[in-house]
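The values are calculated or read from the model by the stated rules, or taken from the named source; none is laboratory data. Remember, predicted model here, so these are calculated numbers, not experimental data. Note that we place each Cβ from the backbone using ideal geometry, even for glycine, and neighbour counts take in every protein chain shown. We work out accessible area using only protein heavy atoms, side chains counted, and drop any ligands, DNA or RNA first. Shrake-Rupley method; radii C 1.70, N 1.55, O 1.52, S 1.80 Å.
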Amino acid sequence: RPVVRAAVLLALLAYSSVGLGLSIDIGIPWRIVFPVWHWQLHSVLFEVAWCIMLYLGMLALELSPALLEKLGWERALGVVHKGTIVFVIAGISLSTLHQSSLGTLFLATPYRLHPLWYTDLLPVLFFVSSMAVGCLTISLVTLLAYWLYEATPPMDALAGLGRIAAWLLGAYLVLRFAEIGLAGEAGLLLRADADTLNFWAETLLSAGIPLALLTRARLRKSPVALGLIAACATLGFTLNRVDVAGLATLSLTRTFYWPAWTEWAITSGVLSGAALIFLLAVDRLDLLPGLGEARRQRGGDRVELDQADRSSLFFAGQRHG
C-alpha cells in the first residue's frame, strides 16, 4: 500500500515514454495509432499495441484518485473508487498479455538468436522476469525519492517486495537453466567466447547476485543494500532485453548496429522528461507516505531569491548552506 501509487505512476510514465519513443523511431509518428482501425489478428505486435493502449488507460484510472483528491472532486473520486477492483484486474490481465507477448515476438528469430537465449519459453521468461524486476525497480525509485527528501522510506513494504522478488528470481533461474539443460545446450555454458561471457554477466547481474543477497533479511531491510540490489537487477534485466533484441544475434547475423547520437539524445530527453514529471508528481500529489511532512519541513527553510539577480537563482543553495 505505501508504494502502490508511485508504482502506478512509474508504470504510466514508462509506457508513455515507450510510446513516445516508438512514435519518433518509426519516422512517421501519426501511424502509431494505425492499430486502432487497421486490425491484423495474426500479428503479435497488434496484440501488444492494443494491450499497451488499454493498459495506459487502466493506469490512468488507477492513478486518478491522487489527482482527484488534490482537486477536491469528491463525487468523481467516489465513482473511481467503486471501479478500483475492475481497473486492477484489467491492468494485471493486460500487463500479463503484453509482457508475455513481447517474448512471443522473438520466437520468430530461431536462426538469428543465440541458443542460450532462444527458447520456446521466451514468453514465460519475459513474464516472470518482468514481475521480478518490477518489484525491484519500484523499490529503487521509491528509495531515491525518499533519499531526495531526506525522509525515512517504508522499509517494511520494500522488504516485502524484495522477498517476493527473490522467489520470482529463483523461479526465473530454475526455468532458464532447466530449459538449457533439457535442450542439450549445457555445453554452451562452458565455452570461452563473447556470447557465453555475455550470458553469465547478464544472468549474474539480473538474477544470480540479487537473489543471493535478497535471501538475507538484514539486506532487504537496509535502504542502501536494497537500493544497490535493485539497481543491479534493473541493469541486468535491461541487458537481457538488449541481448534478446540485438546483442545475442551478432554471432549468427554478423551484423552490428550502433545508434546515432540523435537517437541517444532523443532517448535521454524522453527519459529525463519522464523523471521530471515523476518528481513533480511526487512533490505535488499524495503518492508516497511521509514525503508530505518532509516537503513542508524543507519548504520552511527556503531562501528568498532576488529575481533581478540571476546569480541568486544558481547559487542560492550554496549561500543557504
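Data overview
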read-out: Karplus-derived HN-Hα couplings along the range 15-20 (A = 6.51, B = -1.76, C = 1.60, θ = phi - 60°), whole Hz, x at Gly and Pro; value: 6, 5, 5, 4, x, 5
read-out: Cα gyration tensor shape of the range 75-219, rounded if a/c is under 1.5, else prolate or oblate by comparing a/b with b/c; value: oblate
read-out: Computed accessible area, residue 114, all protein chains, 1.4 angstrom probe, square angstrom; value: 20
read-out: Relative contact order for the range 48-206, counting Cα pairs under 8 Å that sit 6 or more residues apart, in percent; value: 19
read-out: Share of carbon and sulfur in the accessible heavy-atom surface of the range 1-68 [1.4 Å probe, %]; value: 74
read-out: Listed residues 260, 157, 76, most fluctuating in the chain (Gaussian network, C-alpha, under 10 Å); value: 260
read-out: Centre separation in Å (Cα based) which lies between the range 241-288 and the range 27-64; value: 20
read-out: Length-normalised contact order for the range 45-100 - Cα pairs under 8 Å, 6+ apart - percent; value: 55
read-out: Where chymotrypsin sites (Phe, Trp or Tyr not before Pro) in DSSP loops with at most 16 other Cβ within 10 Å are excluded, longest remaining stretch of the chain; value: 112-255
read-out: R0 of 22 Å, Cβ-Cβ distance residue 222-residue 283: FRET efficiency to nearest 0.05; value: 0.25
read-out: Heavy atoms of residue 62: accessible area, 1.4 Å probe, square angstrom to 10; value: 50
read-out: Cα gyration tensor category, rounded, prolate or oblate, for the range 188-272 with a/c compared to 1.5; value: oblate
read-out: The range 149-291: relative contact order in percent, alpha carbon pairs under 8 Å with at least 6 residues between; value: 27
read-out: Note, ³J(HN,Hα) from phi for the range 266-283, Karplus 6.51, -1.76, 1.60, rounded to Hz, x at Gly and Pro; value: 5, 4, 4, x, 5, 5, 5, x, 5, 5, 5, 5, 4, 5, 5, 5, 4, 6
read-out: Helix-only mean residue ellipticity at 222 nm for the chain, each DSSP H run of n ≥ 4 adding -39500 (n - 2.57), per residue, nearest 500; value: -23500 deg cm²/dmol
read-out: Most to least accessible of 80, 33 (protein chains only, probe 1.4 Å); value: 33, 80
read-out: Residue-normalised accessible area of the range 8-164, given per residue in Å² at a 1.4 Å probe; value: 54
read-out: Accessible-area ranking of 189, 41, 97, largest first, probe 1.4 Å; value: 41, 97, 189
read-out: Assigned charges on the beta-carbon of Lys, Arg, Asp, Glu; the chain dipole about Cα centre (debye); value: 500
read-out: Using θ = phi - 60° and Karplus 6.51 cos²θ - 1.76 cosθ + 1.60, couplings along the range 181-192 (whole Hz; Gly, Pro as x); value: x, 5, 7, x, 10, 4, x, 5, 5, 9, 6, 9
read-out: Carbon + sulfur, % of accessible area of the range 81-235 - ligands and nucleic acids excluded, 1.4 Å; value: 73
read-out: Choice from 162, 236, 27 showing the highest fluctuation, given a GNM over the chain with Cα pairs closer than 10 Å; value: 27
